[in-house]
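**Student:** A single structure is presented below for examination.
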Amino acid sequence: QVQLVESGGGLVHPGGSLRLSCAASRSFFALATGAWYRQAPGKQRELVATLTIGGSANYDDFVKGRFTISRDNTKNTLYLQMNSLKPEDTAVYYCKGRLLLDDYWGQGTQVTVSS
């Protein structure tokens, strides 16, 4: 088992930046595909970005060019750097790690973009 804990959310003005972190309780993201999802009120959870074991990153079109997913294997942590934030980015952000056939989720962190 592994526990994932997100942090870094908060309130930011449009155009601002935040960096989300997802810390694993043990060595994990070096062996697992990492991903960030988000869920806005009244909407389904949607995939934001993924990072493969080999280091390939993929983004959904609505964040491409603004968000960057990365990891630090020495810290067992997955990151999501979010720049040029828009009000429509407001959501609870969740990290997920997939190891073999098992998915592990964090508890979520709230991001609110508002003036």
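**Student:** Just to confirm, what accessible area per residue do you get for the chain at 1.4 Å probe, in whole Å²?
**Tutor:** Numbers: 6060 Å² over 115 residues.
Using a 1.4 Å probe on heavy atoms only, each residue of the chain averages 53 Å².
**Student:** Ignoring ligands, DNA and RNA, please state the percent of accessible area on the chain from carbon and sulfur, probe 1.4 Å. If you can, show how the numbers build up before the last one.
**Tutor:** Numbers: 3000 of 6060 Å².
Within the chain, the accessible surface is 50 percent carbon and sulfur.
**Student:** Then there is this: Would you please classify the overall shape of segment 7-47 from the alpha carbon gyration tensor, given that a ≥ b ≥ c denote the square roots of the eigenvalues, rounded means a/c under 1.5, and beyond that prolate means a/b larger than b/c while oblate covers the rest? Present the calculation step by step, with values, prior to reporting the outcome.
**Tutor:** Working: a/c = 2.73, a/b = 1.49, b/c = 1.82.
Since a/c reaches 1.5 but b/c is at least a/b, the shape of segment 7-47 is classed as oblate.
**Student:** What do the square roots of 5 times the Cα gyration tensor eigenvalues come to for the chain, in whole Å, largest first, as semi-axes of the equivalent ellipsoid?
**Tutor:** Values: eigenvalues 105, 38, 33 Å².
Here the semi-axes work out to 23, 14, 13 Å.
The values are calculated or read from the model by the stated rules, or taken from the named source; none is laboratory data. These numbers were taken from a predicted model, which means no experiment stands behind them. The protein model used for the area step is the full one, side chains on, heavy atoms only, and it has no ligands, DNA or RNA in it. Shrake-Rupley method; radii C 1.70, N 1.55, O 1.52, S 1.80 Å.
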